[in-house]
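The structure appears right after this line, and notes come after that.
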Amino acid sequence: MASAVGSRGEGEELCYLALGGNVGDRLRFLSRALRRLASLDGIRVRRTSSLFTTTAQYVTDQPPFLNALVELELSAERLADLQGFLVELKGIEDEIGRT
């Protein structure tokens, strides 16, 4: 995943979002989620971590997880409606087929 860093604007704040999955085409799902995040108004993807794999915890009889961390910049308008942002994140999960 690509990295990009720039200066923050007035009233904008950084947000860190963990992405991960362990079913289906994990890389494709993460890529689609990242593209959708980048398309949202009031959100800028500043940079992403390297991809990393972790073993399942607690319920261990499942495939390993593919994970990444995303640094986002949220506009002042977006910060005023964080509940709406969470609803959009859930919508992205539903859209790409997270079960």
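What follows draws every value from the coordinates through simple rules; no lab data is involved. Keep in mind that this is a model prediction, so the values were computed, not measured. Neighbour counts run over all protein chains shown; Cβ positions are idealised from the backbone, glycine included.
Can you list residues whose amide H is under 5 Å from Leu40's amide H, if they're 5+ apart or on another chain and H is modeled 1.01 Å from N?
The list, which skips near neighbours in sequence, is empty: none.
Can you tell me, using C-alpha contacts under 8 Å and at least 6 residues apart, the relative contact order of the chain as a whole percent?
37
Could you give me the ³J(HN,Hα) list for segment 52-68, computed from phi with Karplus coefficients 6.51, -1.76, 1.60 and θ = phi - 60°, whole Hz, x at Gly and Pro?
With the stated coefficients, segment 52-68 comes to 9, 10, 10, 7, 5, 10, 6, 9, 8, 8, 8, x, x, 8, 9, 10, 7 Hz.
For the pair Leu69 and Ala38, how long in nm is the line joining their label points, each one 7 Å along Cα→Cβ?
The modelled label-to-label distance comes out at 2.1 nm.
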